[in-house]
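The structure appears below as structure tokens.
The values are calculated or read from the model by the stated rules, or taken from the named source; none is laboratory data. In this text the structure is predicted, and so the values were computed from the model without any measurement. Cβ sites come from the backbone with ideal geometry, for glycine too, and all protein chains shown count toward neighbours. Keep in mind that these areas ignore ligands, DNA and RNA; they rest on the heavy atoms of the full protein, side chains included. Shrake-Rupley method; radii C 1.70, N 1.55, O 1.52, S 1.80 Å.
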Amino acid sequence: MGSIYPSITKLNYMCSIFLVLWLFSFSFTSTEAYDSLDPTGNITIKWDIMSWTPDGYVAVVTIYNYQKFRHIQAPGWTLGWSWFKKEVIWSMVGAQATEQGDCSRYKTNIPHCCKKDPTVVDLLPGTPYNQQIANCCKGGVISSRIQDPSNAASSFQLSVGAAGTTNKTVRAPRNFTLKAPGPGYTCGPAKLVRPSKFITADQRRVTQALLTWNVTCTYSQFLAQKAPTCCVSLSSFYNDTIVNCPTCTCGCQNNITQPGSCVEADSPYLKSAIAASGKNSYTPLVQCTKHMCPIRVHWHVKLNYKDYWRVKVSIINFNYRMNYTQWNLAVQHPNFDNLTTVFSFNYQSVTPYENINDTAMLYGLKFYNDLLMQAGPLGNVQSELLFRKDKSTFTFSQGWAFPRRIYFNGDNCVMPPPDAYPWLPNSTPDRHITTLCPVMVILISLAFLLGHA
């Protein structure tokens, strides 16, 4: 009996932490957008009026990505708004409205768009130079602030008519929406700010906009999709157990009530299913697995040296409809303050809490592995990390060697439950005792539901 007591104590401790975190999650609404690893991250839309015209103005609109590791990938951003009055878009450079709308009241010069609520998309690479401005024409793709700051903005120019012609008579657009490429962003109202300033190419003169509005958009993973988009599996050299992603992490196989929810890797209908909506469709078509996630991240504790230890990180794409361009991982682990070598990924330190260096951003090497291909033989990337041991904190016990959190493309990945982590051979918890934890969760779940009935 004496050998069981440490397991009970350890399990009770882990169950307590799990239950506290589980209950704590109910204190947030489903639209909560705060991200502890990037607390100030947002997308800012800057609307700069550069000149007045006889019936309106010419403006440059720039979308700035101030998020550390969340980017906008193909098929790119879609920006929408509602006009305050009866404004029209006479012309655009660097972008286009997706619909012209009803312009029948104009007899000679026909506007580019007459819709009350226009929707605008970026132009594609290769657009003629006379239709371009700086930072345009990238197919709506915008990099994250850390990964590629030089490409973390997108701009276009528009000439607006039937609008005010002075600072006092002009009105800001309303009801901004941003899809990147799907839902997830909530935009606030346009706010009048100090006019933007611009430095000329020779660095000898500064000009400024006549008027500037800012719109701030924040991201919520709960708004973007109902289910998680990635999960984490774990393994180690000191335990034969491979801890897979929890079953039904991102959904469950249900081809009876939801036919086509997944496709077997060896299905004869695989090619036709992929071609049905084309690649880069926002709705994933995943390979049939127990976890049903588009992305799985595997963390393997590979080797142990005297002064170092080594980890292999693999990212596997199970989505047949998406090639992930400029993918990235954000990983939280206390030993990142002593990371020595990253073998085939780029690495940037992310310090959300100033003096605590426990978070890393990993992303692919350009033209080598920065493209994560669709599900299949080429649908994976991998690298190895070498850490120096800190004798005061390093241990393989109690799951210390595994990450605390992992984000893929800015979305939080689901970790396995703590009691399932690979344990050292002499500290494996009693599996009969571990059944207490799910029982406690079920009982508290029932109590919570009855209390809110």
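Within the range 347-363, can one find any residue that is of a type in the set (A, V, I, L, M, F, W, C) and not in a strand (DSSP E or B)? Quick ask: steps written out before the conclusion?
Start the filter on the range 347-363 by keeping residues that are of a type in the set (A, V, I, L, M, F, W, C), which leaves 350, 356, 360-362.
Add one more test, that the residue is not in a strand (DSSP E or B), and what stays is none.
Checking the range 347-363: not a single residue is of a type in the set (A, V, I, L, M, F, W, C) and not in a strand (DSSP E or B).
Looking only at the range 229-250, filter to residues that are part of a strand (DSSP E or B), surrounded by 21 or more Cβ atoms within 10 Å (Cβ to Cβ) and of a type in the set (A, V, I, L, M, F, W, C); which one of those is nearest to the chain's Cα centre (by Cα)?
Among those residues, the one meeting the criterion is CYS230.
Taking the range 299-319 only, how many residues are in contact with a Pro (Cβ under 8 Å, 6 or more places away or on another chain) and either outside any strand (DSSP E or B) or in the same structural domain as ILE146 (by the TED database) (or both)?
Counting residues in the range 299-319 that are in contact with a Pro (Cβ under 8 Å, 6 or more places away or on another chain) and either outside any strand (DSSP E or B) or in the same structural domain as ILE146 (by the TED database) (or both) gives 1.
Considering only the range 85-100, state which residues are within 32 Å of the chain's Cα centre (by Cα) and open to solvent by 50 Å² or more (accessible area, probe 1.4 Å).
GLN96, THR98, GLU99, GLN100
Checking ARG205 against (1) in contact (Cβ under 8 Å) with a residue 40 or more places away in the chain; (2) assigned by the TED database to the domain that holds VAL60, which test does it fail?
(1)
Across the range 101-160, which residue is surrounded by the fewest Cβ atoms within 10 Å (Cβ to Cβ) among those that are among the basic types (Lys, Arg) and touching a residue at least 60 places away in the same chain (Cβ under 8 Å)?
Going through the range 101-160, the residues among the basic types (Lys, Arg) turn out to be 105, 107, 115-116, 138, 145.
Keeping just the survivors that are touching a residue at least 60 places away in the same chain (Cβ under 8 Å) gives 138, 145.
Working: LYS138: 21, ARG145: 19.
Within the range 101-160, the match that is surrounded by the fewest Cβ atoms within 10 Å (Cβ to Cβ) is ARG145.
Tell me, yes or no, whether the range 284-293 has at least one residue that is closer than 19 Å to ASN380 by Cα and surrounded by fewer than 16 Cβ atoms within 10 Å (Cβ to Cβ). I'd like the intermediate steps shown before the answer.
Filtering the range 284-293 down to residues closer than 19 Å to ASN380 by Cα leaves 284-293.
Next cut, surrounded by fewer than 16 Cβ atoms within 10 Å (Cβ to Cβ) only: 288, 290.
Taking every residue of the range 284-293 in turn, at least one turns out to be closer than 19 Å to ASN380 by Cα and surrounded by fewer than 16 Cβ atoms within 10 Å (Cβ to Cβ).
So LYS197 ticks every box in (1) in contact (Cβ under 8 Å) with a residue 24 or more places away in the chain; (2) open to solvent by 90 Å² or more (accessible area, probe 1.4 Å); (3) not acidic (Asp, Glu) but one. Which box is left unticked?
Failing condition for LYS197: (1).
Name the single residue that is most open to solvent (accessible area, probe 1.4 Å) among those in the range 63-84 being among the aromatic types (Phe, Trp, Tyr) and in a strand (DSSP E or B).
Within the range 63-84, the first condition is being among the aromatic types (Phe, Trp, Tyr), and the residues that meet it are 64, 66, 69, 77, 81, 83-84.
Still in the running and in a strand (DSSP E or B): 64, 81.
Values: TYR64: 71, TRP81: 5 Å².
Residue satisfying both the conditions and the ranking: TYR64.
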